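The values are calculated or read from the model by the stated rules, or taken from the named source; none is laboratory data. Predicted model only: the values in this text are computed from it and were never measured. Note that we place each Cβ from the backbone using ideal geometry, even for glycine, and neighbour counts take in every protein chain shown.
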Amino acid sequence: MRHEDGLRRALSEDESGDPSQEARPSTVPRPEREGRGSRVAAIAVALTLSAVTFTALWLGFRSAPVDRSGGETTQEPVDLEPRVTAVVPVGPYPADIAVGEGAVWVSVPAQQPEEDNLIVRIDAVTNEVVARIPVDDYIEEIAAGAGGVWGVGVQGTGAANLSFSVERIDPATDQVVAQIPDVSGPLAVGEGALWAVDRAGARAGPEGSSLLRINPATNQVVATIPLGVAAWDIEFGEEYLWVLPLEPSAGEGDILQVDPTTNEVVARIEIPLPETGYLPTVYTPAFGEGSAWVPVCCPDNELMLVRVDVGTSTIVGEPIRLRGGAPFAVAAGHVWFVEERGALYGLNLATLEVDETVSGFDWPAGGFPDQSTELDPGQLAVWVVNSDQDSVTRIDLAAQATPSPEPTVTSAPPEGRLLLQILDRVEVLNRDGTQRVLGDDLVALDLSPDGSLALVSTRPESDRAGAELLTIDLVSGERSTIATTGIVPYPARWSPDGSMIAYREDDVLCFVEAQGGAPTCMPDLGRVYWFDWAPDSRRLVLGLPPPEPLTVLDVVSGQVTPLVLSNDEHVLSALEQAGFGRATRVQFESPKWSSSGKYIATLAMVFETVGGQEGNLVLVFDTDGSLVARGKPMNEYSDARGWSLAADVFAYGWGGAPYDIVQARAIDLATGEDQAIFSIEDVGRETVRDLAWSPSGRWVVVVTVTAGESTYALRVSFVDSATLETVGGFEFQDVTLADWGG
């Protein structure tokens, strides 16, 4: 994200309000240089260029020679055809833009004292403004991710009188829900945290800025990282946090690389600057292909692009000379730039030639030197702020696909994070589209109630080699051993309050404190196949071998209470009405306790029957054991089941033999309706394997698998909580789902 130019000038003023002395071009060779030129000064110099020079700088074109990037690209080819697809009016003089949390967000400052400062929300599917959210302060910069939309609020005039805070908007309600005082922009989101600074630009003083790490769960600063330089911009990319200093001295670094797992500055990278008539300026990089692509403006009236290898923190290859502009993203095998007049172009990383362009005359012009520009990686769409045209422009990069009734495809869950099993590897997919590998040879089990920890197991080389039950901190990556077991402890689940973990070892139910300790196992219960916590974190419902009853265990007292007998007349009658005849052997499989605590759903499996056929039926009981609802009968087994966390709605997989689960259905206990919320189109080849609800209960993720193939396709269905209408989705390969958490 980039500060607005006007505020940058205010921040570069001294306490008297007079502009600070601008640094003059250095004639000293770089190793002896003591200071860098002001970025504001570079802009001012560029503005004084002649019309001919200005045109050469921003609009001229010069092909870049090949084989100078210092590395090979890895992105798969995409059929590109950049084109303007929408211009969306948002209000006078929009300032900044962010993409995330399922929408596009634009800050629109008030132009009159009686007007509201606004954050405008745009639906990225329809390109329509769907909300205008009033905020107290002028919003200098916004960021989206980590469960919120974050805006840097500014009050006051003049450098000596400015006060800063961060306002948080809940994307689920479009309301301001928190304000974090004494925190300044710039902002960045990554590694499960919000990043900001204490003092930016000239306000940092001789001691420099400190980078602030903010925990989105508490809205509190949890780490302060002294930088030793005045921060001008920060960005998150390639698993690191990057700081762009305002006017670094020699040795302080033009780009600082911060490891978010340790909260330490791990590199101060200096960018070689050529001798010119005025001091060139380093600007904010774009990130991708394992590199930081650092722009330097503007030697010989061109842009110089320097590639920094992220892994080694070193410059690779020779600088690439380009027409100008600012790089804002790396996608589809290109570094993408936007220029002063709005012209967009893409540098092909395979050839180092500019081969994709959109003329600036195709949409309203923006501001100088570069507009606020963001890439939506899921849609492969660029959003550009037209600050002097009261609008934002959408540019789709991919070639237009053949019109299809299929849902819109995105690249990340709309909220929370998914815990994924990818072959023998465990990963987390975050709402901002970033993926984090937790480790190989692991089994994914559960996410903690607050979404900060993953519960996994090591994968022993043999059934009796021993396994470890571990938690992994999703921010720091720290591992903690909770228990040692003989085999993989499956299933394993956190209690809703996060204090305990229940797991099954050799069909014996065990408990352990979430912080670790000596486990407590209960072999007297006999063989326990399935279990689920009650919302009170005190009771569990147990699924036992047939013909054992559906059973409730009080963890504190140890009391065991049969809830529903397998030969209960109401159960047998429901099975008979469903066409299974008179059942003589029934098992209650994988019971699930509703988040409200009012209901328990289970799959009644009919193994033996008189006058009918074997099959399965979802049954829902209240906590007194009374049957209150049932699903649609099926003659095939499906373990795809779960309660919404927001309402008494139970989703389950439905279908028939042979292993043909073709729908995800939902029973609404408030209305009694049982409706299909997801249907397989390629019947006979694809089947529903698993499902889970999002933390808010608004969406359902459905896992499907193609019959006869080893590739798993993870399909996410976004289900409207009121209409149960599927409105979107995405896919991954070779993936199964463990949990969807906060």
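Return a yes/no flag: does region 265-275 have any residue that is at pLDDT 95 or above and crowded, with 21+ Cβ neighbours inside 10 Å.
No: region 265-275 contains no residue that is at pLDDT 95 or above and crowded, with 21+ Cβ neighbours inside 10 Å.
Which residue, of SER457, SER452, SER448, SER495, is touching a strand residue (DSSP E or B) at 6+ places or on another chain (Cβ under 8 Å) and more than 30 Å from ASP259 (Cβ to Cβ)?
Being touching a strand residue (DSSP E or B) at 6+ places or on another chain (Cβ under 8 Å) and more than 30 Å from ASP259 (Cβ to Cβ) holds for just one of SER457, SER452, SER448, SER495, which is SER495.
Of all residues in region 170-211, which are in a loop (DSSP other than H, G, I, E, B) and of a type in the set (Asp, Glu)?
If the condition is that a residue be in a loop (DSSP other than H, G, I, E, B) and of a type in the set (Asp, Glu), then ASP174, ASP182, GLU191, ASP198, GLU207 are the ones that fit.
Mind listing just one residue for me: the one in region 604-653 that is charged (D, E, K, R) and at pLDDT below 90 and, of those, nearest to LEU575 (Cα to Cα)?
Once the filter is applied, the top-ranked residue is GLU614.
Per-residue answers, yes or no, for (1) under 22 Å from ASP739 (Cα atoms); (2) of a type in the set (Ser, Thr, Tyr):
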residue: ASN616; (1), (2): no, no
residue: GLU636; (1), (2): no, no
residue: ASP639; (1), (2): yes, no
residue: SER644; (1), (2): yes, yes
residue: ALA651; (1), (2): yes, no
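Can you list the strands (runs of 3 or more DSSP E) lying wholly within region 247-358 that have 1 or more residues being among the charged types (D, E, K, R)?
255-259, 264-269, 303-309, 314-322, 353-358
For region 621-644, which residues satisfy the criterion of being among the hydrophobic types (A, V, I, L, M, F, W, C) and crowded, with 20+ Cβ neighbours inside 10 Å?
Once the filter is applied, which keeps residues that are among the hydrophobic types (A, V, I, L, M, F, W, C) and crowded, with 20+ Cβ neighbours inside 10 Å, region 621-644 yields PHE621, ALA629, MET634, ALA640, TRP643.
Any residue in region 673-691 that is at pLDDT 85 or above, not in a strand (DSSP E or B) and not assigned by TED's automatic domain parsing to the domain that holds PRO591?
yes
Considering only region 552-562, state which residues are outside any loop (DSSP other than H, G, I, E, B) and surrounded by fewer than 20 Cβ atoms within 10 Å (Cβ to Cβ).
ASP554, VAL560, THR561, PRO562
From the set of residues in region 221-243 that are in contact with a Gly (Cβ under 8 Å, 6 or more places away or on another chain) and among the aromatic types (Phe, Trp, Tyr), which is surrounded by the fewest Cβ atoms within 10 Å (Cβ to Cβ)?
Filtering region 221-243 for residues that are in contact with a Gly (Cβ under 8 Å, 6 or more places away or on another chain) and among the aromatic types (Phe, Trp, Tyr), the one surrounded by the fewest Cβ atoms within 10 Å (Cβ to Cβ) comes out as PHE236.
From the list GLY729, GLY697, which one is surrounded by 14 or more Cβ atoms within 10 Å (Cβ to Cβ) and at pLDDT below 60?
The unique qualifying residue is GLY729.
Check off (1) among the hydrophobic types (A, V, I, L, M, F, W, C); (2) touching a Phe, Trp or Tyr at 6+ places or on another chain (Cβ under 6 Å); (3) buried (at least 20 other Cβ atoms within 10 Å of the Cβ) for ALA483 and give me the number that stays unchecked.
(2)
Looking at region 306-319 only, could you name the residues that are surrounded by fewer than 23 Cβ atoms within 10 Å (Cβ to Cβ) and of a type in the set (A, V, I, L, M)?
VAL310, ILE315, VAL316
Tell me the residue from ARG538, ARG493 that is free of Cβ contacts under 8 Å to residues at least 24 places away in the same chain, under 34 Å from the mean Cα position of the chain (by Cα), assigned by TED's automatic domain parsing to the domain that holds GLY466 and surrounded by fewer than 21 Cβ atoms within 10 Å (Cβ to Cβ), please.
Criteria check complete, one pass: ARG538.
Report whether or not GLY228 is without any contact (Cβ under 8 Å) to a residue 12 or more places away in the chain and in contact with a Ser or Thr (Cβ under 9 Å, 6 or more places away or on another chain).
No.
Which strands (runs of 3 or more DSSP E) sit wholly inside region 563-657 and have at least 1 residues that are under 21 Å from VAL702 (Cβ atoms)?
Result: 582-593, 599-610, 615-622, 641-643, 649-656.
Go through the residues of region 281-289 one by one and say whether even a single one is surrounded by fewer than 22 Cβ atoms within 10 Å (Cβ to Cβ) and of a type in the set (A, V, I, L, M).
no
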